[in-house]
Amino acid sequence: MVYGEYTETGPEWDFDVDDSMANWAREKRLTDERVASYATLGAAGAGNGCSLRWSLQKLVGEYARHNGHVDLVRERIDGATGE
């Protein structure tokens, strides 16, 4: 599981960091292997027909968006803002 084993009686923050990081590292390795299999960034993928460049830009944008959401949650928790 990405965020560890959830239990109904456990605290809301109950997740296993080691499992989550191991899953992330596995997904990163698989992604790196897939990206390396393309000859160029302009090569079209079989799934959506978009270029590898387009797909990577979409991925970076999604990560940035979700990291921004996490930052907003953190600000609400600890009140710290800015750099």
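Structure data summary
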| item | result |
| --- | --- |
| Positive-end extreme of charge dipole, region 44-83 - chosen from 69, 57, 44 (charges on Cβ) | 44 |
| Nearest-20 debye value, region 44-83 charge dipole, Cβ charges on Lys, Arg, Asp, Glu | 260 debye |
| Extension gain, residue 38 back to residue 63 (0.36 nm per residue minus Cα-Cα distance, nm) | 6.8 nm |
| Residue-by-residue Karplus 3J(HN,Hα) for region 68-73, coefficients 6.51, -1.76, 1.60, Hz, glycine and proline x | x, 4, 5, 4, 4, 5 |
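Laboratory data are not the source of any read-out in this text; all were calculated from the coordinates shown. As the structure is a prediction and not an experimental result, all values here were calculated from the model. Ideal geometry is used to build each Cβ from the backbone, glycine not excepted, and the neighbour counts take in all protein chains shown.
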